[in-house]
Structures are given as C-alpha cells and as structure tokens.
Number of protein chains: 2
Amino acid sequence: MRMETEPRRRGRGRSGAQAGNDRRAAATGLRQTAWGQPQLIDAPTCPLDEEGVRAIDDTAMRILEDIGILFLHDEALDILTRAGASVDRDTRTVRMDREMVRAHIALAPASFRITPRNPERAIDIGGHHLAFGNVSSPPNCSDLERGRRSGDRESFRDLVKLTQHFNCIHFNGGYPVEPVDLHASTRHLDCLHDMLTLTDKAVHAYALGPERIEDAMEMVRIAGGLSHEEFDAAPRMFTNINSSSPLKHDWPMLDGAMRLARRGQPVVVSPFTLAGAMAPVTLAGAIAQQTAEALCALVLCQAIRPGLPVVMGSFTSNVDMRSGAPAFGTPEYMRATQMSGQMARFYGLPLRASNACAANAPDAQAAWESGFSLWACNSGRANMVYHSAGWLEGGLCASYEKFVMDCEMLQQVIHYNRPIGVTEGDLALDAIAEVGPSGHFFGAAHTQARYQDAFYEPFLSDWRNYKAWEEAGAVRTPERAMARWKRILAEFEPPEMDLAIAEELAEFVERRRREGGAPTDF
Amino acid sequence: MRMETEPRRRGRGRSGAQAGNDRRAAATGLRQTAWGQPQLIDAPTCPLDEEGVRAIDDTAMRILEDIGILFLHDEALDILTRAGASVDRDTRTVRMDREMVRAHIALAPASFRITPRNPERAIDIGGHHLAFGNVSSPPNCSDLERGRRSGDRESFRDLVKLTQHFNCIHFNGGYPVEPVDLHASTRHLDCLHDMLTLTDKAVHAYALGPERIEDAMEMVRIAGGLSHEEFDAAPRMFTNINSSSPLKHDWPMLDGAMRLARRGQPVVVSPFTLAGAMAPVTLAGAIAQQTAEALCALVLCQAIRPGLPVVMGSFTSNVDMRSGAPAFGTPEYMRATQMSGQMARFYGLPLRASNACAANAPDAQAAWESGFSLWACNSGRANMVYHSAGWLEGGLCASYEKFVMDCEMLQQVIHYNRPIGVTEGDLALDAIAEVGPSGHFFGAAHTQARYQDAFYEPFLSDWRNYKAWEEAGAVRTPERAMARWKRILAEFEPPEMDLAIAEELAEFVERRRREGGAPTDF
C-alpha cells in the first residue's frame, strides 16, 4: 500500500481526491467523466397504474398477514413479537398486519447520505439521486489475457482499483470477486483493508455472521478517523441482505442487518425472487412476493432503530423455463425493475436494482443485456445500482473488460441525465441566421463558444471511419477495454490516507488475524 | 424467383403469409416473435417542459418566417406562393408565417395505414403504433465469412430476404445495401422487383428524379393488383426525403415527394441536422432547425394534397467535435429523438427516428449504441424506426450479423410493450401460499398453466452456464448470428404472388429496361 510520506491531521486525513484524480487524468490522458452523482431527471416509467400498485401492495400485505414469512433468528422473533407481530415459535413463522407494516415503514427516510472516509465521496441514496456500485460477489473472474479463473486476492485488488479509478462508480458494492486464496476466517479483514485503503468510496459489508460485520464496522470507523459515537451518528457504510426466497430470512443475513441497524448503518433488503423458480411465474406475483419479503425485514430494522436508513431491493428477473437458468436484462427484468420502483415510491423508500446480464463473454449480448438493465434502472428510478460494472454470467464471473465497457455505458447514463438547455443561446436562432443555407456550423462563433463540452465524449467507443479503424488494427471493443484496464492498473495510485489511521487499521487487522478471525462453520 | 404453381385470383393473390411463416418456423425450428406491430404502452419521456416545446416551436417558426428555406424546385415555389408563402425567386428562398404553417400542418392525419400487396402486412403509422424497417442505403455490406465489400445484387437480395424473414421487421425502409453492380439507370427496376417479390411488406421508393418514383409507384400498383384509382385511394408505399441541411430542400427529393403527394402516398421528411456540423451545436437549436426544415416540406405536401399522410422525421445526432465524424446512439442522440417526439406530438404528426450506431464491427459498442437508440425510439414514442436492423458504421455498411443481432433486440422491445397483467391470477397469492417457504415454483400448477408464454424467449442470446457454453464451442454473439442468417437464407421461400401479377410486373420491368430506365445525369 502506498501512502503519503507526510501524515496529515487525523479525522480529515485526506482532501482533494477528486482534484487529484482530475490531475492524474490530465497527466495520463485517461479521460473520464468527473466525480458526481447524476440526478434522475425523467419522470419514471410506470408499467402499473395506480390500481395495479394497490393490488400488488394488497397482495404483499396478505402474504404478510395470512401466509407469513420465516425468520430464522430467535432475537428477531422476540423483537418482532414486541413490535406487534404474530409469531409461531415452532415454525418461526412471522405474520404482521398491514397497519404494523405501514407504521414501521413510514419511519424510514425517503433519502439519506452515506459518508465514507473521504467526505467528498459521500453519496445520497433516494429521491432523484442515482449511485452506481461495482460488481459484487462473483466466485470467478476473467480477462482476455489470462482467461477465466477462480477469484484471488490479486484479481480482487485489481478490480477494487478499477472501482476507485472510475468516477462513475460511486460505491463498493461488495467483493468484486471472491478471493478464494484467502482463508475464509480472515478474508473479510484482508478484503475490507484493501477496499478501505485502495478506495475512498463507501463500502458494503457482508452479513455473514456477527464477527465479520462487527469487524467491518470497526474498520470503517477506524478508516474514517471516527469515534464510536461519530460512527453511530450517521451512515458510514451499508449492507445488503437477501431473503432466501420464497418467504424466508436466514440467520446470518438477519443477524448482520440487525447489527448494522443498531448502529444506524443502512440496510438494503433484496429478495431473490426469480419468477418461475423462487417466485410466481407472473411478474405481478413475483413483485408482490418480493415486496412482502423486503418489507418484513425492513419492519424488523425499523423496530430495532426507528428511522433507520433502509433501501428496498429489487432483484426480480425471469428464468429460462426450458433450463431453469436465470436470465437478466430481459423485457421481464426491465418491467420488474420499473414495477419495483413504483412499489418503492409507494412506500417512500429508496430502490436498489442491478446492471445484470446472462452473457458468457463481453460481447454484444452482454452489452444489450446490460444496456437494457441500465435503462430499466434509469426509467424505473433506481437509486442504488448494484453490479453496475463488471458483471458477467448471471453474476458468476467478474470480467475486467466488461467492467470497462460498463463504465462507458454508465458515463453515458450520467450524461443523459444532464438537463436540456432552452435559453435563447441554446435555441441558436442567430447562429442559424448567420450560417444560412449551404453554410456549416463548425466555424460559427456559437459553436466555437460551446463545442468543448457540448457533447458526451466516450473513452471506449471508436467513432473513426472504417478505413481509419481498420488501419489502426480493427481493434474491437473488448480488446480496447483490455488496453484501458491495463493502463489504469499500471498507473494506479491509491487515495491518500492519514498515516496514523493506516497504522491503526493495519494493527486492527493484525490483531484480529492473531485472534483467528471469524468462525467458518456457521 | 419462386412462385406458386397454381395461380390465385388476382387482386387477392395471397393470404396466409403469416400462417405460412409460422408453419415454416415450426418446421425448421427458426423460432421468432409472431408478426404484429407493438403498441407503445409507456408514457413518452419528455426532456422538454411545455415552455421548452413552445420555445422550440417559436424558434422554428421564426426560422420559417424570418430566415427562410431554399426550395430548389420551381414548381414547388409556385405551389408555395399560391399557398401563401413569400417567395424570393432569385434566391429561391421561401418564407412562410406561422399561421400558414399551422393551417397546413393541421390538415395532416395523426395516424394512417399503409397497405402493401399483402394486406396482412398492413402497418399503422402514428399514435401508439410502432413499426420497424430494415437498414437502408449503405454503399457497403459485410458478413463474417466474406468480409466487407461494396454492395451488389446478391447481397441486396440476401438482406431483402432477411427483411422478409423476420416478423419484427414491418417495412422495407429502402435498399438495405446499394447494389452497385446494377446499372444506375435500371437499378431501381431490379431493386423494386426484388423487394416486391421477395417480400410482401410495405416498400419505400427513393425520390431520385421523376422516372424512378413513377416507376416505383407503377410497380407497387401492379404488385398489389390495383387499378390506378385503387392505388391513389390509400397509402400503398412511401418515400423519405432529407433536407440538405442547413435550410435547403433539393430538387430530386422535392420532386419525388410531390409526385407521391399527388397520388396520396405518404411522405416522410427527415432533415439531416447533425448538431455541430449542419445544425447548431446545442440540441435545442438543432431540433428547432430540424423542425423548421421538416415542417416547410410538409406544408408543401399538404398544399398539394390536403390531408396527405406525412411523417416528421428526426435524424438529429451529434458529431465528434474533434474529428467531425457523426456519432449515433449517444446521450445527445437519445435526447434529440425524445425531443423530436415531443415536437411531432405538438404538431399532431407521426414521428420517424432510427436505430443508429457508429461502430465498425458487430461488437459490444454496436450493441450499446443501437440499444440506446432503440430505447430512445421507444421512450420518445417514435412510430417508424428506420435502420432498425443491420446498420453499422454510421450507415456506411449493412452487416448481416448486425441485422440478426438487431432483430433480437427488436423482438425484446416488442415484448417489452406487452401490458403487465394484475388479475388475481397474475397476483398469484394462492400459488405463493401453496408453495410456501422453502418450496419451488417450477412444479406449481400456477406455473405449469402459464410457463409456455410467460417470458420472452430469445433466439440469439445464449443463456447457458459458462461450462455448457464453453463445451459447445464458446460461440460469441456475431458468430451465432452468422449461423442464423445462413440458415434463414438457405431455407428462404419467397412469399406467394399471383402468377399473372408476377408476369405483369416482370413485363413492366422488361419494357422499362428496353426504354433505357431513368436518366442518370440529374
């Protein structure tokens, strides 16, 4: 890990990360969009009318009232009982009436801010805000040079560096690949340490048992130079938990969510409701089930800490009914995402969705599936987009090239959300009169005054004509992406970190390693 | 050309083309979406507020009132003078006030139907209707096997066959590649003959001088088994004309549009307003200019034939300001398309847009640029989408593989526009109760009753897991597309045509060939 030679004052041990990034970009020519969150400016696309939204809400409520959800966590059962739920301790089935659900969900904020160790990387979640996170949790990774392989720490660090490099990536969504060469008991320590030192963006912690999530919170606190009170006072990190669809919340996920909730840290709940497999084959049914599974866990969070920042997660897609294989970026995926947006807004909650695809290679199929997913996120008004960059194979592989390709698409989504100007200058009547018929606008003063930032400039798309492109080697998109990530990794410099903080963080990791880390037998 | 051995009654010489197609599909396993036009069910995306729409309208009107547009056609000048325009005969500049523009544009229908020789292939243009046309007019074509080459008749016929094969292609947008091995004087006769016999879908005719357009109308009339009166009575074909931006309409285009207008055939007017080059660098300015250039030609059409079915065309994109190269599928392209949709609806006109890209190969860039274009067409509520399948290199090349890839995307857009059901059956409460926690929906009666058409089934996407995909040869998208077009061409059967009509059509072509075809020196 590189570090500044001159330590800076603790608690605000870094600044100017963005300026530094821009300077490096200027120096190396790695042009990219500046850091910043886009604001979704389009009215959301609503496949459901008001009656449809109410019908799905009613179905979700009847699932919670009549069918019930399994909560495999005794303390959760206690908390929910106290909060008014009807709990069958034998089967661990929780039923809650709609009044209880609505009362608890109403406590959640419509939007909130997560502030990582670099306050300039703070992100707003909810409302019109959009935040992109990198690919999370694939067991495998691939690049065009080394091929496909199991994840290891080197690949993990490479992908974390790409996460830090690209300004269009706003948060660490999880491990961009699972580094299976690290022992499971201490993997979380090494991974969090890499994420907290190689990036200065918000981090996710996996809900995989008490020790891991407690370690993660402590490391985020140390990295931020925060007292325990400061850490508890505002969102600094987050977790995402999945229900074990249908209708079940497992212990490790619940336990992690509850620990974050107690310390005021945001919880995302994303049911794994693949329509036709773990959920009904109909989109309305799948979204009703997703809604029920998400809401009851969010009720638990609010019962623990009223007002906790939480996010409703959507991961509903369809399966290939011939093979059972999950599909992503399909028309059904798009509609499910938009419908989820409608439900999240109905409950006043932020929405999490994903940039997902089923393709096995960073080719055209990957691009259309991911592109369709992204436009569904945009038109469905998703606030957090997981897996925004790098995901292949339905999440089983992190591709270096796909990471770079996705960032090209993300930048375009960001640029798409710039408002359209209609001032007198924008309307350009004088320029049109000046150029006249048979003229050309290249040389017009109107153009000269505006051309430098008039249009989105891609870093990966090749717009040369065929002859020029062919003479330059006819390099296709994945190969151009490979050249890009190689250069990014070669030139990578980690963000600044106060030396004292870096030492404290390293000491914590070392101590916890000596203690044996986390148990691996849950 | 293949033909039925048993001629059928003239004037309705075919039927069951769709059923035939489905039968063939069933027989050969070339699964695809059934013939039919999608209905756009989403509210359109509106980047402009009402004030913005009015500002662009006002700017367009001021262009027409104060700056004027060149009409390089004397008879057009006469007609426009009689209709109330102020015409400077020396410079051929036409100015028209907004009352004149509005009065004429108000005569155009909001939607209309084009009925080709097979009435089952009739397409509705306008309102919620969406129609896709194939790639038009590239000078080059390419496929993975033979590489890139100048267009010839064989490639032309191949691409016309693909146009007929795919149910998601609703009309022939023009020549899918320019067959430069055919002499220019008679090329239109051979091309129209191929299009009218290898397809039974609506055809476009190029406005390239009087003889070509008159020949085209006569051939469409003959192919439809129509009297002259029947031909004139309803839309049977269409043309698209481009202004020579900025602010000029050339003679051949105007002449062709005027000839179609006289016979009640639809005219699309698509200004070529690349922002920063032939139009202002600002989107609002470019759309204002596009609007003015389109409206004045549409006024001419309405002056000739009040109530003529016409379409407002959008082709506004941006250029790479460093090289001047046109860019497509960009954020600016998307917004320009959506803004054009707002303007078209403001005037009560159907909108034409395009599935465009700048990529040089059928790779990921091609897919994201085309995918972004298509979603802009969908969200901007375009009614006719030109170049829907096959376009590469900013329109300079028709790719066989891209054609097939685009059709996969088009089918998904079609499927996306299916309404979402929210009946009690769709909401699936009983199925959720029946399956319960830890169950699976594959075997549920609710699933079994619906799984066969619950989800979109792709013909080109490969959803197998990595291992299965790799063992099957790790075939990437373009190579899969190649296998598909080869099979389509190998199995292609032309649609039925009445033998007497086929003979009359062939005789017409032969006679016009003997007469020398059309002059080539305009």
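Laboratory data are not the source of any read-out in this text; all were calculated from the coordinates shown. None of these values were measured; they are calculated from a predicted model. Note: ideal-geometry Cβ built from the backbone for every residue, glycine included; neighbour counts use all protein chains shown.
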Using only the alpha carbons of the range A:153-244, what is the convex hull's orientation-averaged projected area in square nanometres? 6.5
Rank the residues A:E491, B:E496 as a footprinting-exposure proxy: fewest other Cβ atoms within 10 Å of their Cβ go first. A:E491, B:E496
Sorting B:H440, A:H249 on the 10 Å Cβ count, fewest up front, what's the list? B:H440, A:H249
Under 5 Å between amide H atoms, partner at least 5 residues away or on a different chain: which partners does A:S136 have, H built in plane at 1.01 Å? A:H387
What residues qualify as long-range amide H neighbours of B:L208, i.e. H under 5 Å apart, gap of 5 or more or another chain, H built at 1.01 Å from N? B:I213
Phi-based couplings in Hz for the range A:56-70 (Karplus 6.51, -1.76, 1.60; Gly and Pro marked x): 5, 4, 4, 5, 4, 5, 5, 4, 6, 7, 9, 8, x, 10, 7
Which of the peptides A:199-205, B:89-95 is most tightly packed, and how do the rest follow, judged by the mean count of other Cβ atoms within 10 Å per residue? A:199-205, B:89-95
Per-residue average of Cβ from other chains inside 10 Å of A:56-68: 3
Through the Karplus equation 6.51 cos²θ - 1.76 cosθ + 1.60, θ set to phi - 60°, convert the phi angles of the range B:485-490 into ³J(HN,Hα) values in whole Hz; use x for Gly and Pro. 5, 4, 5, 4, 5, 5
Nonlocal amide H pairs with A:A131, under 5 Å, H built at 1.01 Å: A:M384, A:V385
Compute from the Cα atoms of the range A:322-410 the Rg and the Dmax, the latter being the longest Cα-Cα distance, and quote both in angstrom. 12.8, 38
Chain B - convex hull of alpha carbons, volume per residue in Å³: 175
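Report relative contact order for the range B:74-186 in percent, whole number only (criteria: Cα-Cα under 8 Å, sequence separation at least 6). Intermediate values should be presented prior to the final figure.
Numbers: 139 pairs, mean separation 22.8, N = 113.
About 20 percent, as a whole number.
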So for each of A:418-429, A:347-358 I average, over its residues, the number of other beta carbons within 10 Å; can you give me the resulting order with the highest mean first? A:347-358, A:418-429
What is the Cα radius of gyration of the range B:432-507 over 2.2 N^0.38 Å, N being its residue count? 1.96
Quick one: Karplus J couplings for the range B:468-483, per residue in order, coefficients 6.51, -1.76, 1.60, θ = phi - 60°, nearest Hz, x for Gly and Pro? 5, 5, 5, 5, 7, x, 6, 6, 7, 4, x, 5, 5, 5, 4, 4
Mean shadow area of the range A:38-110, taken as a quarter of the surface of its Cα convex hull (nm²): 7.0
Alpha-carbon gyration tensor eigenvalues x 5, square-rooted, for the protein assembly as shown, Å: 53, 32, 27
Pull up the cross-link candidates among the lysines for B:K248, meaning alpha carbon to alpha carbon under 23 Å and not fewer than 8 places away within one chain. none
How long are the three semi-axes of the equivalent ellipsoid for the range B:264-343, computed from the Cα gyration tensor as the root of 5 times each eigenvalue, in whole Å, largest first? 26, 11, 10
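Please compute the Kirkwood hydrodynamic radius of the range A:385-462 from all pairs of different C-alpha atoms, in Å with one decimal. Please list the in-between numbers first.
Working: mean 1/r = 0.0639 Å⁻¹.
For the range A:385-462, inverting the mean 1/r across all distinct Cα pairs yields 15.7 Å.
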Principal axes first, then extents: for the Cα atoms of the range A:202-248, list largest minus smallest coordinate on each axis, whole Å, largest first. 41, 20, 17
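Average partner chain C-beta neighbours within 10 Å, per residue of B:464-477?
Values: counts 6, 8, 10, 1, 3, 4, 3, 0, 0, 0, 2, 3, 9, 8.
Per-residue shielding by partner chains comes out at 4.
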Averaging the inverse of every distinct alpha carbon separation and then flipping it gives the Kirkwood radius. What is it for the range B:46-170, in angstrom units? 19.1
Within 10 Å of each Cβ in peptide B:335-343, how many partner chain Cβ atoms are there on average? Round it to a whole number, please. 1
List the relative contact order of chain B as a percent without decimals, with contacts defined as Cα pairs under 8 Å and 6+ residues apart. 21
